[in-house]
Amino acid sequence: MKLQMIEIFPPALLAKEAKDDVILFLQKLPVPPRTKKEALVAWCNYVGAALTHEMVKALLGDLEGRA
C-alpha cells in the first residue's frame, strides 16, 4: 500500500490555521525540496487552503525556483 502524502502530517496540523506550523514541520523533514513542496500542495488541497508564492518562499527560501 502506498503512503499518501497527507499521512505524514500529525493530526494537529490538519487545519488551515496551522499554516505556519506546517511550514516549520516541512522545513525540518530530511527530504528533497521538491518533496517538501509536494507535501505543502497536498496539505493545501486537504485543508482547503490556497497555495501562495509566499508559502513556498517561506518553506524553501532560496531553493524556491529549483523545486
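The values are calculated or read from the model by the stated rules, or taken from the named source; none is laboratory data. All of these numbers come straight from a predicted model, not from anything done at the bench. Every residue, glycine as well, gets a Cβ built from its backbone with ideal geometry; the counts of neighbours run over all protein chains shown.
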Can L13 be described as at pLDDT 95 or above and under 22 Å from D62 (Cβ atoms)?
no
For the stretch 1-54, which positions are part of a loop (DSSP other than H, G, I, E, B) and among the aromatic types (F, W, Y)?
F9
Go through the stretch 29-49 and report how many residues are over 13 Å from L60 (Cβ atoms) and over 10 Å from the mean Cα position of the chain (by Cα).
6
